[in-house]
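Any read-out appearing in this document is the output of simple, stated calculations on the displayed coordinates, not a laboratory observation. Since we're looking at a predicted model, the values are computed, not measured. Note that we place each Cβ from the backbone using ideal geometry, even for glycine, and neighbour counts take in every protein chain shown.
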Amino acid sequence: MYCKSCGVKIEVDEMFCKNCGNKTDYQDKDNLGIFNINRKKSFVGCVINFDVYVDETKVGTLKNGGNINCNIPLGEHEVKISNPTGNVITQNIILTKDKRTVKINVKVKMGLLAGKANIIDLNYE
């Protein structure tokens, strides 16, 4: 995420910009949505972990059977899920006042040498 005032990269859930000191979108609870990503537990690819990024900011590592939840401001966001070999999937998500929560379910799709994330469904609430 980036500060709307000065453009400096800010971390997820920061209340104030560390560069200019202005409030971020996380101050306004009416402007927040929830991002929830779940990884289906499976023996196939169970040792492969995926890093999850929202707007180029890492929000966590998704392990076998794990999930990541974070608050993000309403609006359009780019979600990237990458594995250690560099395979990346990208999904654009738009959160609105009517659709504040997005749930993404992911499973591992094994290739010849490595596994990559595969989005099996995406639901807004």
Can you tell me the length gained on complete extension of the stretch V88 to D51, counting 0.36 nm per residue apart and subtracting the Cα distance? 12.4 nm
Reviewing (1) 1.31; (2) 1.01; (3) 0.96, the figure for Rg/Rh (Cα atoms, Kirkwood Rh) actually calculated from this model sits under (2)
K63 and E14 label points (each 7 Å along its Cα→Cβ direction) are spaced in nm at 2.8
List the trypsin sites (Lys or Arg not before Pro) within the stretch 1-105 that DSSP assigns to loop and that have no more than 10 neighbouring Cβ atoms inside 10 Å. K97
Which of F50, F35, F16 moves most in a GNM of the chain, Cα contacts under 10 Å? F16
Gaussian network model of the chain, Cα within-10 Å springs - most flexible of N92, N36, N83: N92
Net charge near I89: determine it from the other residues with C-beta under 9 Å of the C-beta of I89, scoring Lys and Arg +1 and Asp and Glu -1. +2
Under 5 Å from the placed amide H of S42, counting only residues 5+ away or on other chains, we find G65
Ordered by residue, what ³J(HN,Hα) values in Hz, to whole numbers, does the stretch 74-91 give under the Karplus form 6.51 cos²θ - 1.76 cosθ + 1.60, where θ = phi - 60° and Gly and Pro are x? 4, x, 8, 9, 9, 10, 10, 10, 10, 9, x, 8, x, 5, 10, 10, 10, 9
Pairs beyond 26 Å (Cα-Cα), from K40/K97; K58/K99; K58/K107; K18/K63; K63/K103: K40/K97; K18/K63
Do any cysteines in the chain lack another Cys Cβ under 4.7 Å, and if so which? C46, C70
